[in-house]
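Please treat every number below as a calculation from the coordinates, not as lab data. Just so it is clear, the structure is predicted and the values come from calculations on it, not from any experiment. Neighbour counts are summed over all protein chains in view; Cβ atoms, including those assigned to glycine, are modelled from backbone coordinates with ideal geometry.
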Amino acid sequence: MTPIRMFDHGAQYKRLRQEILAAIETVFDSGQLIMGSQGRQFEAAFARFLGEPGGCVAVNSGTDALVVALKALGIGPGDEVITVANTAVPTVSAIRIVGAVPVFCDIDPHTCLMDLARLPGLFSHRTRAVVIVHLFGNVLDVAMVQYLIGNRSIQIIEDCAHAHGARSNGKMVGTLGHIGAFSFYPTKILGAYGDAGICFSRDMELCRRMRSIRMYGFTDRYVAEEEGLNSRMDEIQAAILNVKIKYLPEFLQSRRTLAKRYVERLQGIVETVQADRGAEHSYHLFVVRLNYRDKVKDTLAKCGIETAIHYPYPIHLMKAYAFLGYAKGDLPNTEAMAEKILSLPLYPELTLDAVDRVCAELIHALR
Ligand SMILES: *Cc1c(COP(=O)(O)O)cnc(C)c1O
């Protein structure tokens, strides 16, 4: 039996190879390797994809997109930023990089997203931002977050690393708060051939600030208006993304078709992670919840089916963040989820037959 992988770079490269190599050659021929027309073109293309008025600022990674966003909103030492502990570590590293303190909100066990019933209890006079994570491509209700914030001076950043193309009540995520941060890490829904990321904001003044911060804080050449960093997207990655963004609607369609098949095959047998109300899931990951997860994972591996856990360790219990003072039991839903979740193979080039095989083996493993 051919193995079924979580992600297959080769399958896509085979298909897009000609176009990708031509795009890279264009960059090499132009001699413009950083901050050129490819980057600007991609910023415009991604803003068009998001479909809301505003601007995009291309950066070096998803982590940097969050750092640049936090800095542009003036968030720094002493400020509190509310987020979740069931996310990729970079969500939290970004908050720490700017010197702010992460405050963790527990999750809703059904959606695995921030539990909005618990959010208002975490607001303090130091809270300056909420970093929302649209985990797996499932969408948190940003309008409800804004409603709960009310007239407090708290900014909303959306971590959209899993959610390119996901929608909330018809609107693209990343456009719903003050700044949306996206990653183009190779395995993401839109992936570069290396590191890359982008910020979106409807506020052009914020875009101007982010543009300055990503390049040493320059406004004019060699003059820093404020402290910045170096987080430019290089032209090769931008050129590759300019090719791949044309296929993004198709990638999303494939993911949704495959996810629908998973739901059909597993319904009533295996508990899947549900979409929030009004949400159009982007299916970066298809996640199920299992009681004997580790055993099932091993059984599937023996049948040549690769699976993954996103994420196996809640961040509040990691050694690096022990200084924040959290203990086991502080975020019960987050901790319980980490023991049960399993991500099944899902990428645009996967076939329906492969999904059927994963489901059959999974159901078999549960017997
Ligand atoms: C991948 C990811 C990031 C970070 O993106 P990089 O491009 O790897 O820096 C941030 N948040 C989440 C939820 C992610 O999955």
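Take the chain, connect every pair of alpha-carbon atoms lying under 10 Å apart with a spring to form a Gaussian network, then pick out the residue of SER153, SER201, SER37 with the largest mean-square fluctuation.
Evaluated over the chain, the most mobile residue of the options is SER153.
What shape does the stretch 291-338 take by its C-alpha gyration tensor, where a ≥ b ≥ c are the square roots of the eigenvalues and a/c under 1.5 counts as rounded, a/b above b/c as prolate, and the rest as oblate?
Prolate is the answer for the stretch 291-338, as a/c is 1.5 or above and a/b outweighs b/c.
Just want to confirm a number: the relative contact order over the chain, from Cα pairs under 8 angstrom separated by 6+ residues, in percent.
23 percent
Pick out, from ALA47, HIS110, LEU33, the residue whose Cα sits farthest towards the positive end of the charge dipole of the chain, with +1 on the Cβ of Lys and Arg and -1 on the Cβ of Asp and Glu.
HIS110
Roughly what % antiparallel, to the nearest 5, for the DSSP beta bridges in the chain?
Antiparallel bridges make up about 60 percent of those DSSP assigns within the chain.
Assign unit charges at the C-beta atoms only (+1 for Lys and Arg, -1 for Asp and Glu), then state the dipole size of the chain relative to its Cα centre in Debye, rounded to the nearest 20.
Values: 40 positive and 39 negative charges, 92 e Å.
Charge dipole, the chain, about its Cα centre: 440 debye, nearest 20.
Where Lys and Arg each count +1 and Asp and Glu each count -1, what net charge lies around HIS9 among other residues with Cβ under 14 Å from its Cβ?
On the way: positive: ARG5, LYS14, ARG15, ARG17, LYS188, LYS244; negative: ASP8, GLU306, GLU349.
Local charge sum for HIS9: +3.
Given a Förster radius of 51 Å and the C-beta distance between ARG126 and THR2 as r, what FRET efficiency does 1/(1 + (r/R0)^6) yield to the nearest 0.05?
My answer for the efficiency is 0.40.
Convex hull volume of the Cα atoms in the stretch 34-148, per residue, in Å³?
Values: hull volume 14.2 nm³, N = 115.
Hull volume over Cα atoms, normalised by residue count, gives 124 Å³.
Calculate the translational D of the stretch 121-260 in whole µm² s⁻¹ from Stokes-Einstein, where the hydrodynamic radius comes from the Kirkwood formula applied to all Cα pairs, the temperature is 37 °C and the viscosity 0.692 mPa s.
In µm²/s, the coefficient rounds to 197.
I'd like to compare 103-110, 242-249: which one has the highest average count of other Cβ atoms within 10 Å, and what's the full order after that?
My ranking of the peptides, most packed first, is 103-110, 242-249.
About the Cα centre of the stretch 1-61, how large is the charge dipole given +1 on each Lys and Arg Cβ and -1 on each Asp and Glu Cβ? Please answer in debye to the nearest 20.
The dipole of the stretch 1-61 has a size of about 220 debye.
Please compare each pair in LYS14/LYS340; LYS171/LYS246; LYS260/LYS328 to a cut-off of 27 Å on the Cα-Cα distance and tell me which ones are over it.
Over 27 Å Cα-Cα: LYS14/LYS340; LYS260/LYS328.
Among PHE251, LEU176, THR187, whose Cα sits farthest toward the positive end of the charge dipole of the stretch 157-302 (+1 at Cβ of Lys/Arg, -1 at Cβ of Asp/Glu, about the Cα centre)?
It is PHE251.
Suppose every K and R has +1 on its Cβ and every D and E has -1 on its Cβ; what is the size of the dipole of the stretch 186-225 about the Cα centre, in Debye to the nearest 20?
80 debye
Hey, if you drop one equal point scatterer on each alpha-carbon of the chain and run the Debye formula without solvent, what base-10 log of I(q)/I(0) do you get at q = 0.07 Å⁻¹?
Rounded to two decimals, the profile gives -0.30.
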